[in-house]
Amino acid sequence: MAKKPATRKRTASKTAKTSRRSSTKNSSTEKKTAAKPADDPKQIALAKARREAYEAAVRLYERGLESLQHRKFDKATTSFQKLIDDYPEERELHERSRLYLQVCARESQPAPKPQTVEELVYAATLALNSGSLVEALEHLEAAAKQDPASDHVQYMLALARADNGDSEAAATHLLRSIELNPDNRFLARQETSFESLRHNEVIQEALRTRPAGSPPQGAGG
């Protein structure tokens, strides 16, 4: 009976030693594992380069969008195309850039030259609204050659001439437009561009409302 406790002691001691060896082994394994993370300088450099490339691609994309918004289609095209050529990995940005390149190509095409009276008047209206008086007059004069009896063309010519400071020519076209269509006098009364014509007695008379069928003042015997 005296030998049994000694056996348990040896067993317990052996177990303790085994446990210490196992603990030491596990600790060594953990140290090896802890020393293995992605601290590789090459990997860090690659990740940095990738991040910088993405940021550069985004800057190009944003520059292209800004140019597109300002209708600078040549600059926008350059930015989007450079993004596609220089940053092949940014596939998502490529898809958007190609769509915007199509927009640039479409918008860069010269607008067809207006031909009909309606097209010429429309083009003149756009030009007037943007302050391009010379362009507006060119379109309206071309329209007047096609249809000199158009009261609308004559009225628009009066507006363009008045805005251009040519009061005499403006009065001539305005009187002609009212002669062709008396309803134009009502429009002319509200038109601020004709302020410079208000002192003209002939224009004042033309803008007055007269009973239907009555001749202008001074007409007749």
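The values are calculated or read from the model by the stated rules, or taken from the named source; none is laboratory data. Given the structure is predicted, the values throughout are model-derived calculations rather than measurements. Please note: Cβ atoms are built from the backbone with ideal geometry, for glycine as well, and neighbour counts cover all protein chains shown.
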Filter pass, Val153 being among the β-branched types (Val, Ile, Thr), in the same structural domain as Arg189 (by TED's automatic domain parsing) and in contact (Cβ under 8 Å) with a residue 12 or more places away in the chain = yes
Filtering the stretch 82-93 down to residues that are outside any helix (DSSP H, G or I) and surrounded by 16 or more Cβ atoms within 10 Å (Cβ to Cβ), which residue is modelled with the highest pLDDT?
-> Tyr87
Select from the stretch 43-81 the residues that are surrounded by 11 or more Cβ atoms within 10 Å (Cβ to Cβ) and small (Gly, Ala, Ser) and write down the one among them that is nearest to Ser108 (Cα to Cα).
-> Ala76
Going through (1) at pLDDT 95 or above; (2) surrounded by fewer than 18 Cβ atoms within 10 Å (Cβ to Cβ) one by one, Ser150 fails only at (2)
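So that you can scan it fast, the table gives a plain yes or no per residue for (1) aliphatic (A, V, I, L, M); (2) assigned to a helix (DSSP H, G or I); (3) surrounded by 15 or more Cβ atoms within 10 Å (Cβ to Cβ); (4) out of contact with any helix residue (DSSP H, G or I) (no Cβ under 6 Å at 6 or more places or on another chain):
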site	(1), (2), (3), (4)
Cys104	no, yes, yes, no
Pro112	no, no, no, yes
Tyr122	no, yes, no, yes
Val134	yes, yes, no, yes
Ala144	yes, yes, yes, no
Arg161	no, yes, yes, no
